[in-house]
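Below is one structure, written out as structure tokens, with a few remarks after it.
Please treat every number below as a calculation from the coordinates, not as lab data. Here the structure is a predicted model, which is why all the values come from computation and not from measurement. Glycine also receives a Cβ, built like all others from the backbone with ideal geometry; neighbour counts cover every protein chain displayed.
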Amino acid sequence: MPVPTLLPFTATPNRKSASPTSFRLTEKFILLLVFSAFITLCFGAIFFLPDSSKLLSGVFFHSSAVETNTRTGPDSGDSGSAGNEDRVLAKIRKDHENALLEAKDTLQKRPEQIQQDIKKEKDQLVEESKGQGGKDGNNLPFVEYHRPPGATGHEPLDAETRDRRAKIKEMMKHAWDSYRRYAWGSNELRPVSKQGHSSNLFGSIKGATIVDALDSLYIMEMFEEFDAAKVWVEKNLDFNVNAEVSVFEVNIRFVGGLLSAYYLSGEEVFRRKAVELGEKLLPAFKTPTGIPWALLNLKSGIGRNWPWASGGSSILAEYGTLHLEFMHLSKLSGNPEFAQKVMNIRKVLNRLDKPQGLYPNYLNPNSGQWGQHHVSVGGLGDSFYEYLLKAWLMSDKTDDEGKKMYYDALQAIETNLMRKSSSGLTYIAEWKGGLLEHKMGHLTCFAGGMIALGADGAPSDKTGHQMEQAAEIARTCHESYARTALKLGPEAFRFDGGVEAIATRQNEKYFILRPEVIETYMYMWRFTHDPKYREWGWEAVQALEQHCKVEGGYSGVRDVYASTPNHDDVQQSFYLAETLKYLYLLFSDDDHLPFDHWVFNTEAHPLPVIRKDKTDRPNEVE
Ligand code: DMJ
């Protein structure tokens, strides 16, 4: 029954008398022919007309350009499809003509004129984006990115240095590849058991090695690895965790690592993540004095201090090592709160009396009073002093308060803590309520580099004197390595009981791939170009290769005085962030991350100097 209705022009009364089967077959055949002719015509029209992609998008995706034209054209009401096609073709022709004219026009312009036009268009885009509220997807203000000089270096001229630098890159590759293979996404790698490792310093935040290594990968031009790390950060780095973290560790490794990755690469994702994490850390400052807690639950915003810290105190090296990162967070977010928080720490410190001009390691965040009078330039104190000096340098030498605090503190350290052993080794002891403990930590060895870095700005003609002090500390720390079986330095060494620069207690004999001694060699090399610093660095490389390298990465050792290494099975994230970076820079030319443009945070993450010139700081916080 439905056949005649379906085939109105082929089903004639005559055909009704023919055999029904043969009649239907013919009809089907004709129908097929008509259909295929129609489809061929349609496809021909779509694919063979000029600029078919535009037509396709008009057909399938409702291209707004085509729609607008057909809807608002003068004869849109009564035009058929042929009329539309003509108009589309005419438009395509017009576009092509315009493009040709534009190209001809451009070819006639002088290169300066072309450059000017490009700049004008760029400025226009910038203005437009400011007009849209100046915000990006994450409510951050627009920041025009300028890469500071020396983000990557070049091959050193002499062959030996070139080979040594290449060797460090090879070490970085082994450390990174092993982490990627056995522990990808975990905080750190266990290189002997070949699995992931996490310390509770980061709560359940993941990927410490990835974030810590980003800038080292970049400066060593390991871009494939850098990109993989970036993708991981984009997709997996998550701060929405219900866990307690160390504010200091998360700041120096994660915030610092992300900031450096942003400044080196210009990739917005790093700025976004750094600011997001910075905001999560702000509740740590909710104390009566504004001196932050050491530990913070990132979800609840509840903070507390280490249970072992004297009288519930916060630790000098922890609350005093936020300044550099927080100043940059304010610059990049336009939020002055970060800068205000760290400036307030200075205010609290400056109101307090200091015993002999020294800063005790413990300060109670509720009462604002010092805890135990224990002073150290190593653990618990170290990077506080470092950040006073670097805050001044990073401010383009405008932060006079930071400068004064640093040089005053250094004078107090020299008077009260710095001593010479009977054989003439200079060391920095620890001070406990007026009594000296003649011990120097591996951590304290960073002070050689710090003093060298600050020597240039030292008051009252002390530059030469401070350079000598720095060189002396470098020598002592080198001795602490040279006097071991493995030629790697112990965690702490003593100058009492008839020994010098040697660890006497079993629990001070370990080496966990720390950077401080190599850091000092790097600074001393830059300031003196004395070849011994490169030689000492190379000795450390050989020891690392011989005793710390294992098939699955690099491991710390439990006793540097034992003839064979007993591995601790941890590849610390700071090995990639600091130790290998400082080694690479030791064998690079001085224009790679030059000191007049970059300042290293305490985890060796380079941060650019914030220029006095207002034009370089569009989001400067007053
Ligand atoms: C790093 O995390 C930082 O350098 C910090 O300031 C102290 N120590 C470790 C590496 O030893």
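May I ask you to derive the FRET efficiency for ASN236 and GLN372 from their Cβ-Cβ distance with R0 = 45 Å, giving the value to the nearest 0.05?
0.65
Taking R0 as 45 Å, what's the FRET efficiency between HIS597 and LEU201 from their Cβ-Cβ distance, rounded to 0.05?
On the way: r = 31 Å, r/R0 = 0.68.
Efficiency computed from Cβ-Cβ geometry: 0.90.
Taking other Cβ within 10 Å of each residue's Cβ, how do GLU401, GLU535, GLU225 sort, fewest first?
GLU535, GLU401, GLU225
List, in order, the whole-Hz ³J(HN,Hα) value for each residue of the stretch 167-173 obtained from phi through the Karplus relation with A = 6.51, B = -1.76, C = 1.60 and θ = phi - 60°; use x for Gly and Pro.
Calculated HN-Hα couplings, in order: 5, 5, 5, 4, 5, 4, 5 Hz.
Could you give the nm distance between label points at ASN507 and ASP177, where each point is 7 Å from its Cα heading toward the beta carbon?
3.9
Compare the Cα positions of PRO288, SER265, GLY278 along the charge dipole of the stretch 258-307 (+1 at Cβ of Lys, Arg; -1 at Cβ of Asp, Glu; about the Cα centre) and return the one farthest towards the positive end.
Working it through, the farthest residue towards the positive pole turns out to be PRO288.
Could you list CYS548, CYS477 in order of exposure, starting from the residue whose Cβ has the fewest other Cβ atoms within 10 Å?
CYS548, CYS477
Collect residues whose amide H, placed 1.01 Å from N in the peptide plane, falls under 5 Å from the amide H of GLY196; neighbours closer than 5 in sequence don't count.
When sequence neighbours closer than 5 places are left aside, the close amide H contacts are ARG190.
Evaluate the distance, in nm, between pseudo-label points positioned 7 Å from the Cα of ASP461 and of GLU170 along their respective Cα→Cβ axes.
So the label points at ASP461 and GLU170 sit 5.0 nm apart.
How large is ³J(HN,Hα), in whole Hz, for each residue of the stretch 294-307 in order, when computed from phi with the Karplus curve 6.51 cos²θ - 1.76 cosθ + 1.60 and θ = phi - 60°, using x for Gly and Pro?
For the stretch 294-307, the Karplus curve yields 7, 10, 9, 7, 5, 8, 7, x, 8, x, 7, 10, 4, x Hz.
Hey, what do the phi angles of the stretch 216-224 turn into as Karplus ³J(HN,Hα) couplings, whole Hz, using 6.51/-1.76/1.60 and θ = phi - 60°, x for Gly and Pro?
Taking θ as phi minus 60°, the curve returns 5, 4, 5, 5, 8, 6, 9, 6, 5 Hz for the stretch 216-224.
Using 0.36 nm times the number of residues separating GLN356 and ASP530, minus their current alpha carbon distance, what extension gain do you get?
59.1 nm
Among SER367, SER313, rank each residue by its count of other Cβ atoms within 10 Å, from fewest to most, as a rough exposure measure.
Final ranking by Cβ density, sparse to dense: SER367, SER313.
Out of PHE384, PRO606, CYS477, whose Cα points farthest toward the positive end of the dipole of the stretch 159-608 (charges: +1 Lys, Arg; -1 Asp, Glu; placed on Cβ)?
PHE384
What nm value, rounded to one decimal, do you get for the distance between GLU160 and GLU414 when each label is placed 7 Å out toward the C-beta?
3.4
Taking 8 Å as the Cα distance limit and 6 or more residues as the minimum spacing, I'd like the relative contact order of the stretch 159-608 as a percentage.
That works out to 17 percent.
Report Rg(Cα)/(2.2 N^0.38 Å) for the stretch 159-608, keeping two decimals. Could you put the intermediate results ahead of the total?
Numbers: Rg = 20.5 Å, N = 450, 2.2 N^0.38 = 22.4 Å.
Compared with the compact-globule rule of thumb, the stretch 159-608 sits at 0.91.
In terms of modelled amide H atoms, which long-range or inter-chain residues lie less than 5 Å from the amide H of GLU437?
Placed amide hydrogens put GLU430, TRP431, LYS432 under 5 Å from GLU437.
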